[in-house]
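The values are calculated or read from the model by the stated rules, or taken from the named source; none is laboratory data. Predicted model only: the values in this text are computed from it and were never measured. Here the Cβ positions follow ideal geometry from the backbone for every residue, glycine too, while neighbour counts run over all protein chains shown.
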Amino acid sequence: MADLSNDFVGIKSPNPFWLASAPPTDKAYNVERAFKAGWGGVVWKTLGEEGPPIVNVNGPRYGAIWGADRRLLGLNNIELITDRDLYINLREIKQVKKDWPDRAMIVSLMVPCEEEAWKRILPLVEETGADGIELNFGCPHGMSERGMGSAVGQVPEYIEMVTRWCKAYTRMPVIVKLTPNITDIRYPARAAHAGGADAVSLINTVSSIVSVNLDTFAPEPEIDGKGSHGGYCGPAVKPIALNMVAEIARDPETAGMPISGIGGVTTWKDAAEFLALGAGNVQVCTAAMTYGFKIVEEMISGLENWMDAKGHRSLNDVIGRATPNVTDWQYLNLNYVAKASINQDACIKCGRCHIACEDTSHQAITSVVDGRRHFEVIEEECVGCNLCVNVCPVENCITMEPLAAGTTDKRTGQKVEKKYANWTEHPNNPSVEAAE
Ligand SMILES: Cc1cc2nc3c(=O)[nH]c(=O)nc-3n(C[C@H](O)[C@H](O)[C@H](O)COP(=O)(O)O)c2cc1C
Ligand code: SF4
Ligand code: SF4
């Protein structure tokens, strides 16, 4: 059986599935049941500094996007950091860590961007016996207007400065949680690295308006006729998160810095993809909020089964395996040629592929042949774009088949070459001409 045990910046957990800082981790009652269900660790719901409790709205704080089957695809929220008393949280963290010593206990923190504020809170957290801290530089609403959360995460100099303070005032590993609401994720990651962060985690939520009520003309979730931008997460944000994880993993300035992957992890496969792109473990929020804590059982058994089937003995056999295969567009092999192919036995003759290719691609799929409804790829026209594969409702009915070297591409009339050739050396590239 594959070994799922995880060592993330020296923090050990029985598996790589941690609950992200959010409502599932905001009290001992939740975290204990999460650990019973099998979660390897938690990042406790973000704590703020001592003082009057945080005030949340008293109406709806969530909005959502659904698929046609009402499956939740994206979740939007306008809630803030914990609204529970700092000392109650700290007491509970200490007790839960004592009761569950083999699980990772990370404490998420967000205090004002002042050295004294960080200096004050860090010893209090250290005293709980927690394994590490995560700096919440990501929250896109509510706290950012007060100069915290993404207001810090969008300024690399602040990230570096606060990370340095934390490294100076605690022995605990420091994980810097990054906001995706930024142009180029490599800059905040580099700043965290420069400040001495042990790791980064990403992504926090994406700034969003999830929908508008067309009767009241208010953004949703609606509070007395008004709405505010919130933070978007769940399956819909996974592609954004995967790309950002890969960007950091392959950036020479941050290569090797541990990454905790977050964003839309719902199945073992999502987790495996994050690991393959360079994440050392994953964190989960929306899937637990949608399906409950027990969803981790399927994540664990699914990952184990896949690793066993593929002969991966430990997570290290998977982590970062896809990173070298992420490249820039100009290095893709332009001599690689593929054509769509339709499995006639699987085809239900719905016609979607024909309409998509006919109206928006290359008019390369028939609809009627010899007076019969028949869908077949016209190789002379197919550019191999993959659109038909993506719109076909039958999985694996249309596949992309590479042409072997030496065969003739009926569209161009040219032989497929074996040698790799990319845009940087292509004769149509103006910079190639300029260099000659
Ligand atoms: C209701 C809600 C509250 C959240 N609160 C926090 C928080 O207090 N601190 C934090 O760092 N992230 C917070 N997050 C963000 C999550 O930790 C996570 O980064 C994000 O939801 C992406 O993961 P997911 O797609 O698995 O949900 C919150 C998310 C949700 C949905
Ligand atoms: S791959 Fe693109 S061009 Fe080829 S048949 Fe499909 S949609 Fe048309
Ligand atoms: S979309 Fe798929 S199922 Fe529908 S006609 Fe095309 S190949 Fe057949």
Just give me the residues in the range 1-32 being over 18 Å from K94 (Cβ atoms) and assigned to a helix (DSSP H, G or I), in sequence order.
P23, P24
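Scan the range 295-334 residue by residue and report those that are outside any helix (DSSP H, G or I), β-branched (V, I, T) and in contact with a Gly (Cβ under 8 Å, 6 or more places away or on another chain). Break it down stepwise before answering.
Residues of the range 295-334 outside any helix (DSSP H, G or I): 311-314, 318-322, 326-328, 332-334.
Subset that is β-branched (V, I, T): 318-319, 326-327.
Selection gives I319 alone.
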Does at least one position in the range 70-89 carry a residue that is without any contact (Cβ under 8 Å) to a residue 24 or more places away in the chain, acidic (D, E) and surrounded by fewer than 18 Cβ atoms within 10 Å (Cβ to Cβ)?
no
Those helices (runs of 4 or more DSSP H) lying entirely in the range 130-206 with at least 2 residues surrounded by fewer than 24 Cβ atoms within 10 Å (Cβ to Cβ)
156-169, 186-194
Return the residues of the range 31-69 that are acidic (D, E), in contact with a helix residue (DSSP H, G or I) (Cβ under 9 Å, 6 or more places away or on another chain) and farther than 20 Å from G138 by Cβ; say none if nothing qualifies.
E32, E50
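Considering R171, R190, which residue is at pLDDT 95 or above, of a type in the set (D, E, K, R) and touching a Pro at 6+ places or on another chain (Cβ under 9 Å)? Please lay out each step first, then the result.
Details: R171 fails: touching a Pro at 6+ places or on another chain (Cβ under 9 Å).
Being at pLDDT 95 or above, of a type in the set (D, E, K, R) and touching a Pro at 6+ places or on another chain (Cβ under 9 Å) holds for just one of R171, R190, which is R190.
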Restricting the search to the range 228-258, which residues are in contact (Cβ under 8 Å) with a residue 40 or more places away in the chain, part of a loop (DSSP other than H, G, I, E, B) and small (G, A, S)?
S228, G234
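Scan the range 361-389 for residues that are among the β-branched types (V, I, T), assigned to a loop (DSSP other than H, G, I, E, B) and either within 16 Å of ligand 1 (Cβ to nearest atom) or more than 35 Å from the chain's Cα centre (by Cα) (or both) and report the count. Break it down stepwise before answering.
Going residue by residue through the range 361-389, those that are among the β-branched types (V, I, T) are 365-366, 368-369, 377-378, 383, 389.
Going one step further and asking which of them are assigned to a loop (DSSP other than H, G, I, E, B), we end up with 366, 378, 383.
With either within 16 Å of ligand 1 (Cβ to nearest atom) or more than 35 Å from the chain's Cα centre (by Cα) (or both) added as a condition, the list becomes 366, 378.
Count: 2.
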Just to be sure before I move on: is S208 within 23 Å of P23 (Cα to Cα), at pLDDT below 95 and in contact with a His (Cβ under 8 Å, 6 or more places away or on another chain) in the structure I sent?
no
Going through the range 380-394 in order, the residues found to be crowded, with 16+ Cβ neighbours inside 10 Å and away from ligand 3 (no atom under 14 Å from the Cβ) are V383, G384, C385
Y62 fails exactly one of (1) farther than 27 Å from I209 by Cβ; (2) touching a residue at least 40 places away in the same chain (Cβ under 8 Å); (3) among the aromatic types (F, W, Y), namely (1)
I'm checking my understanding of the structure. Among residues of the range 356-379 that are surrounded by 15 or more Cβ atoms within 10 Å (Cβ to Cβ) and of a type in the set (V, I, T), which one is farthest from ligand 3 (Cβ to nearest atom)?
I378
Inspect all residues belonging to the range 80-88 and state whether any of them is at pLDDT 95 or above, of a type outside the set (D, E) and either within 16 Å of ligand 3 (Cβ to nearest atom) or touching a strand residue (DSSP E or B) at 6+ places or on another chain (Cβ under 7 Å) (or both).
yes
In the range 20-30, residues that are within 14 Å of ligand 1 (Cβ to nearest atom) and either in contact with a helix residue (DSSP H, G or I) (Cβ under 6 Å, 6 or more places away or on another chain) or free of Cβ contacts under 8 Å to residues at least 24 places away in the same chain (or both) total 3
